[in-house]
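The values are calculated or read from the model by the stated rules, or taken from the named source; none is laboratory data. Please read all numbers here as calculations on a predicted model, not as lab measurements. A quick note on method: Cβ atoms are made from the backbone with ideal geometry, for glycine too, and the neighbour counts reach across all protein chains shown.
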Protein chains: 2
Amino acid sequence: MPESQKTADELKDESLTFTLSDKEINEIAQAVQSQDSDTVHAVLEDLSPADTAELVAKFKDDDRNELLVMYGEAIDPEVFTEMDPELRRSTLSAMPPDQIASLISELDSDDALELIRPLDDRLQKEIIQRLSAKSRVALEEGLSFPEDSAGRLMQREIVAVPLFWTAGKTIDYLRAAGEDLPEEFFDIFVIDPAYHVRGQVPLNRLIRSKRAEKLEDLAETDVTTIPATMDQEEVAHLFRRDDLVSAPVIDENGRLIGVITIDDIVDVIDEEAQEDIMKMAGVERSDLYRAVLSTTGTRFRWLFINLLTAILASIVISFFDATIEQIVALAVLMPIVASMGGNAGTQALTVAVRALATKELSGANRMRVIWKETLVGTLNGAAFAVITGLVAALWFSNPMLGIVIAAAMIINLFAAGLCGAAIPILLDRYGSDPAVSSTVFLTTVTDVVGFFAFLGLAAILLL
Amino acid sequence: MPESQKTADELKDESLTFTLSDKEINEIAQAVQSQDSDTVHAVLEDLSPADTAELVAKFKDDDRNELLVMYGEAIDPEVFTEMDPELRRSTLSAMPPDQIASLISELDSDDALELIRPLDDRLQKEIIQRLSAKSRVALEEGLSFPEDSAGRLMQREIVAVPLFWTAGKTIDYLRAAGEDLPEEFFDIFVIDPAYHVRGQVPLNRLIRSKRAEKLEDLAETDVTTIPATMDQEEVAHLFRRDDLVSAPVIDENGRLIGVITIDDIVDVIDEEAQEDIMKMAGVERSDLYRAVLSTTGTRFRWLFINLLTAILASIVISFFDATIEQIVALAVLMPIVASMGGNAGTQALTVAVRALATKELSGANRMRVIWKETLVGTLNGAAFAVITGLVAALWFSNPMLGIVIAAAMIINLFAAGLCGAAIPILLDRYGSDPAVSSTVFLTTVTDVVGFFAFLGLAAILLL
């Protein structure tokens with residue numbers, strides 16, 4: 001017993017390096033495999049929920065299942081809310097609904113909702129019917145809000161007091177309320193009898209004010225209220241714009257029904273930023289934890305669309321097969337023009353996609369951004385026209401070939417800059433998500449224009 | 001006067017849609033151009049700093065300068081801290097140092113530091129020597145911490161009280177302190193005489209506790225302390241992992257010197273996530289606001305490296321020029337193999353780069369991720385081998401050509417999956433930033449392997 005205790009202490013000391021080391025993870029995995037339950041229990045007690053979630057994520061499937069089956073009771077429910085949704089789905093699906101229900105009953109309403117969100121409908125229903133009436137109503141109402149809406153993010157436990165109260169009365173109320181309050185809160189909401197939010201008092205202001213002061217005078221009245229149906233991306237934008245720490249959520253009648261706190265928003269911001277980068281490559285956020293076949297399937301779709309683009313480019317090349325047959329140097333050089341166009345276009349595209357996501361790009365500066373990116377593309381086109389023109393002319397001892405590739409380079413990088421900025425802007429304007437489909441359209445343009453300009457000019461000028 | 005007032009009110013009403021509409025932005029720009037100073041003043045008074053920053057960002061250069069010169073006094077200093085750093089640099093550089101110094105004197109220490117951060121050293125010095133002794137010392141000390149470190153993010157205004165105080169005494173102190181406290185705070189730090197952090201009391205716990213309770217008993221003693229030199233990405237990771245709202249910053253002797261709050265971290269998370277996506281395309285976060293020539297220059301470097309990759313691919317093709325001369329269909333089809341490899345590789349790469357950034361990928365699961373991505377690449381390689389094999393065989397009525405492209409597709413997508421995952425992992429392991437250079441290495445692999453496999457097999461099997 002003292003020996004295994006020591007191991008756990010050592011592990012804890014090492015965790016001062018702020019994250020579990022690979023060595024520690026392997027040691028714990030070994031303890032699980034060798035059924036050294038003293039060590040495992042000691043570790044689970046020492047680790048924070050976030051650390052345990054990281055540990056479980058990095059375990060092999062077998063070790064993970066072993067850990068959850070053998071030590072399920074010792075695992076903090078918050079561990080599951082810290083997990084990647086896909087991983088949460090696969091681990092929870094292997095647990096009996098009774099056990100999941102008992103985990104949920106220990107969580108705040110927003111965490112409970114987050115925990116069962118990725119599960120399939122049937123399992124959700126089985127779990128919900130095992131809960132107390134109060135939790136059941138809360139969860140069912142939460143699930144009735146659209147996916148990724150404020151209603152899904154919010155916590156139903158709120159601190160709201162009437163407008164006419166004083167600071168002193170409010171503090172006394174908080175002292176007396178005890179367990180009924182949310183675990184953590186940063187603001188008190190001031191409401192009228194109809195449950196409309198009339199103001200918001202940050203705790204640090206309440207605590208600094210004299211007992212006799214009225215909330216009416218203390219409250220910030222310029223409150224950012226969040227409709228329950230608002231998309232989480234928009235909510236995150238508001239939190240960032242107004243530097244909010246918590247904000248009240250209202251229903252369609254303007255009544256206060258919940259609160260969203262910054263810790264939920266941090267996850268949303270991270271998720272949304274990751275989503276863009278993932279969508280642009282046609283992968284999904286949970287791909288790290290998804291099974292091989294399912295990952296292959298989702299990627300296949302994206303690659304298939306790209307195959308159609310590549311075939312289109314091949315058709316363009318086939319128009320010029322006679323020209324290539326005569327001057328085989330064209331086949332050698334043509335990928336350079338297309339690839340430079342693709343890279344320059346991706347640069348313009350990345351800037352535009354991110355600026356649209358952060359709302360820094362809209363109608364007011366749209367034309368200026370397209371114009372600037374076109375200019376940047378054309379200028380780099382001119383620079384690379386000189387370089388590749390010289391390389392081609394010297395390599396194949398053919399000055400005219402140099403002129404052809406130089407001209408094609410300028411044309412393609414002009415098109416790349418223009419379309420790299422314009423395609424996401426147009427997609428966004430017509431309601432499509434620019435991160436998803438911009439790259440395919442752009443590659444089509446830079447491939448087709450690149451091959452057409454280079455081979456077409458060659459057919460005219462070199463034959 | 002009443003008419004312009006009305007315009008401003010209308011604008012404010014419209015701003016209930018949560019963000020400035022393009023129509024509003026254009027209306028305000030017109031008011032600036034027509035020197036309608038009543039309207040402009042009314043607008044500036046109504047808008048939040050974040051809204052004004054958005055407005056200034058979307059203005060044309062001329063309108064922006066006009067606004068800052070004519071109405072500089074009416075602009076809230078926080079507007080500048082909300083701006084993109086590049087935009088802040090260019091607007092502040094046009095203002096006299098005296099005016100910047102007077103803006104800074106109104107800000108908290110972390111905002112003041114953020115405001116002058118993007119300015120060049122000479123201008124920073126000119127501004128700092130115009131400040132009061134206290135602000136000067138604070139800023140100079142702040143600037144002495146490495147760029148992107150916790151010391152740069154932290155606020156020096158802290159609420160710290162001795163371990164032996166009671167809740168009541170602490171609240172009395174807060175009431176009396178008034179102006180000396182930071183504008184906003186969420187936790188009270190409990191310190192010993194040596195200024196070491198012994199605990200942290202969330203305000204909501206302090207306010208709920210009885211006056212006689214000792215801080216010693218109230219405080220969470222498991223405090224995440226942040227060394228001032230820690231990189232901001234690491235700080236953000238800790239905030240997310242431990243769901244922190246504020247955390248104490250300590251110097252090399254463990255003494256409390258500042259506090260980092262979640263609102264700073266939200267910006268860091270967003271910045272870091274954006275940085276990855278930007279680096280992968282060779283662009284910079286501020287490119288939206290950078291001048292054309294400077295943007296062209298930074299992009300040129302990235303494109304130049306990609307040109308070398310493209311030339312390398314051309315050299316591979318040139319080995320097979322005799323083969324292409326005989327079978328021109330090879331030139332038509334070869335971009336398909338390279339492009340599918342590039343896309344499949346980018347998928348694996350994106351997953352690996354993001355997982356490394358979020359620390360979900362490390363030594364413990366490294367080999368499993370590489371193996372999985374290789375398998376996914378190979379499986380999709382097999383699927384696309386069938387499709388492109390059939391397309392090529394039917395298009396050119398040549399079954400052997402179909403077999404050649406099918407084999408090349410499997411080989412290249414195997415290499416794409418393997419290298420897409422392995423390249424960023426290896427770069428990360430040897431201390432390079434995987435987001436910056438992974439794509440170039442990957443493109444080199446998928447181009448070289450793609451062309452070599454396809455043309456090489458063709459030379460062997462078709463001639």
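Results for (1) over 30 Å from A:P118 (Cα atoms); (2) within 13 Å of chain B (Cβ to nearest Cβ), shown as yes or no for each residue.
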{"residue": "A:D172", "(1), (2)": "yes, yes"}
{"residue": "A:R198", "(1), (2)": "yes, no"}
{"residue": "A:L215", "(1), (2)": "yes, no"}
{"residue": "A:P227", "(1), (2)": "no, yes"}
{"residue": "A:R240", "(1), (2)": "no, yes"}
Original post:
within 16 Å of A:F189 (Cβ to Cβ), in contact with a Gly (Cβ under 6 Å, 6 or more places away or on another chain), assigned by TED's automatic domain parsing to the domain that holds A:V190 and modelled with pLDDT under 95 - does that describe any residue in segment A:234-244?
Top reply: no
Subject >> Hey, B:S48 more than 8 Å from chain A (Cβ to nearest Cβ) and closer than 24 Å to A:R366 by Cβ or not >> reply: no
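Residue-by-condition table, conditions (1) under 24 Å from the mean Cα position of the chain (by Cα); (2) of a type outside the set (A, V, I, L, M, F, W, C); (3) in the same structural domain as B:E234 (by TED's automatic domain parsing); (4) surrounded by fewer than 21 Cβ atoms within 10 Å (Cβ to Cβ):
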residue	(1), (2), (3), (4)
B:L113	yes, no, no, no
B:I116	yes, no, no, no
B:L119	yes, no, no, yes
B:E141	no, yes, no, yes
B:T170	no, yes, yes, no
B:L174	no, no, yes, yes
B:G178	no, yes, yes, yes
B:P182	no, yes, yes, yes
B:F185	no, no, yes, no
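For segment B:312-330, how many residues meet the condition of being out of contact with any Leu (no Cβ under 8 Å at 6 or more places or on another chain) and either buried (at least 20 other Cβ atoms within 10 Å of the Cβ) or closer than 22 Å to A:G420 by Cβ (or both)? So that I can check it myself, show each step before the final result.
Pass one, segment B:312-330, residues out of contact with any Leu (no Cβ under 8 Å at 6 or more places or on another chain): B:312-313, B:315, B:318, B:321-322, B:325, B:328.
Those left that are additionally either buried (at least 20 other Cβ atoms within 10 Å of the Cβ) or closer than 22 Å to A:G420 by Cβ (or both): B:313, B:328.
Residues meeting the conditions: 2.
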**OP:** Answer with yes or no whether B:A112 is touching a strand residue (DSSP E or B) at 6+ places or on another chain (Cβ under 6 Å) and either within 30 Å of B:P227 (Cα to Cα) or of a type in the set (D, E) (or both).
**Re:** no
Original post:
Looking at segment B:341-354, is at least one residue crowded, with 20+ Cβ neighbours inside 10 Å and among the charged types (D, E, K, R)?
Top reply: yes
**OP:** Determine if segment A:412-430 includes at least one residue that is within 30 Å of B:A50 (Cβ to Cβ), not in a helix (DSSP H, G or I) and not assigned by TED's automatic domain parsing to the domain that holds A:E233.
**Re:** yes
Original post:
Looking at (1) surrounded by fewer than 20 Cβ atoms within 10 Å (Cβ to Cβ); (2) within 12 Å of chain B (Cβ to nearest Cβ), which is the only condition A:V376 fails?
Top reply: (1)
**OP:** Please enumerate the residues belonging to segment A:386-400 that are among the hydrophobic types (A, V, I, L, M, F, W, C) and buried (at least 22 other Cβ atoms within 10 Å of the Cβ).
**Re:** A:A392
**OP:** Give the number of residues within segment B:436-448 that are surrounded by 24 or more Cβ atoms within 10 Å (Cβ to Cβ) and among the hydrophobic types (A, V, I, L, M, F, W, C).
**Re:** 1
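Yes/no matrix, rows are residues, columns are (1) in contact (Cβ under 8 Å) with a residue 12 or more places away in the chain; (2) under 29 Å from A:V292 (Cα atoms); (3) among the aliphatic types (A, V, I, L, M):
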| site | (1), (2), (3) |
| --- | --- |
| A:E27 | yes, yes, no |
| A:V43 | yes, no, yes |
| A:D46 | yes, no, no |
| A:D51 | yes, yes, no |
| A:F59 | yes, yes, no |
| A:R64 | yes, yes, no |
| A:L67 | yes, yes, yes |
| A:M95 | yes, yes, yes |
| A:A101 | yes, no, yes |
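Just one of B:V268, B:V283 is under 23 Å from the mean Cα position of the chain (by Cα), more than 7 Å from chain A (Cβ to nearest Cβ), at pLDDT below 95 and under 30 Å from A:A352 (Cα atoms); which is it?
Numbers: B:V283 fails: more than 7 Å from chain A (Cβ to nearest Cβ).
Every option except B:V268 fails the conditions.
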Original post:
Does segment A:287-303 include one or more residues that are of a type in the set (V, I, T), in contact (Cβ under 8 Å) with a residue 60 or more places away in the chain and surrounded by fewer than 19 Cβ atoms within 10 Å (Cβ to Cβ)?
Top reply: no
Original post:
Residue check, A:M409 against (1) in contact with a helix residue (DSSP H, G or I) (Cβ under 6 Å, 6 or more places away or on another chain); (2) without any contact (Cβ under 8 Å) to a residue 40 or more places away in the chain, all met but one. Which one?
Top reply: (2)
Subject >> Of all residues making up segment B:214-232, the number that are within 30 Å of B:D172 (Cβ to Cβ), in contact with a helix residue (DSSP H, G or I) (Cβ under 7 Å, 6 or more places away or on another chain) and surrounded by fewer than 18 Cβ atoms within 10 Å (Cβ to Cβ) >> reply: 1
**OP:** Could you identify the single residue in B:A435, B:A393 that is touching a helix residue (DSSP H, G or I) at 6+ places or on another chain (Cβ under 6 Å), of a type in the set (G, A, S) and modelled with pLDDT of 95 or more?
**Re:** B:A393
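Is it fair to say B:E275 is charged (D, E, K, R), closer than 29 Å to A:R241 by Cβ and out of contact with any strand residue (DSSP E or B) (no Cβ under 8 Å at 6 or more places or on another chain)?
Details: charged (D, E, K, R): yes; closer than 29 Å to A:R241 by Cβ: yes; out of contact with any strand residue (DSSP E or B) (no Cβ under 8 Å at 6 or more places or on another chain): yes.
Judged against the criteria, B:E275 is a match.
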Original post:
Between residues in segment B:307-323 that are more than 7 Å from every other protein chain (Cβ to nearest Cβ) and closer than 11 Å to A:P335 by Cα and residues that are among the charged types (D, E, K, R) and crowded, with 20+ Cβ neighbours inside 10 Å, which pairs lie under 7 Å by C-beta distance while being six or more apart or on different chains?
Top reply: B:T309/B:D447
**OP:** Could you grab me the full set of residues in segment B:204-231 that are free of Cβ contacts under 8 Å to residues at least 40 places away in the same chain and part of a strand (DSSP E or B)?
**Re:** B:E220
**OP:** Kindly provide the set of residues from segment B:171-192 that are more than 16 Å from B:P248 (Cα to Cα) and either at pLDDT 95 or above or in a loop (DSSP other than H, G, I, E, B) (or both), ordered by number.
**Re:** B:E183
Original post:
Restricting segment A:35-94 to residues that are polar (S, T, N, Q) and over 22 Å from A:P118 (Cα atoms), which is surrounded by the most Cβ atoms within 10 Å (Cβ to Cβ)?
Top reply: A:T39
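Look through A:V386, A:V328, A:V351, A:V404 and report the one residue that is modelled with pLDDT of 95 or more and at the interface with chain B (Cβ under 10 Å from one of its Cβ atoms).
Values: A:V386 fails: at the interface with chain B (Cβ under 10 Å from one of its Cβ atoms); A:V351 fails: modelled with pLDDT of 95 or more; A:V404 fails: at the interface with chain B (Cβ under 10 Å from one of its Cβ atoms).
Every option except A:V328 fails the conditions.
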**OP:** Taking B:A392 as the residue in question, decide whether it is over 19 Å from B:G345 (Cα atoms), part of a loop (DSSP other than H, G, I, E, B), within 11 Å of chain A (Cβ to nearest Cβ) and of a type in the set (A, V, I, L, M).
**Re:** no
**OP:** Would you check if there is a residue in segment A:332-341 being more than 7 Å from chain B (Cβ to nearest Cβ), touching a residue at least 60 places away in the same chain (Cβ under 8 Å) and within 20 Å of the chain's Cα centre (by Cα)?
**Re:** no
Subject >> Index of the failed condition, A:I265 passing every other in (1) surrounded by fewer than 21 Cβ atoms within 10 Å (Cβ to Cβ); (2) under 25 Å from A:R88 (Cα atoms) >> reply: (1)
Original post:
If you scan segment A:289-306, which residues turn out to be within 7 Å of chain B (Cβ to nearest Cβ) and at pLDDT below 90?
Top reply: none
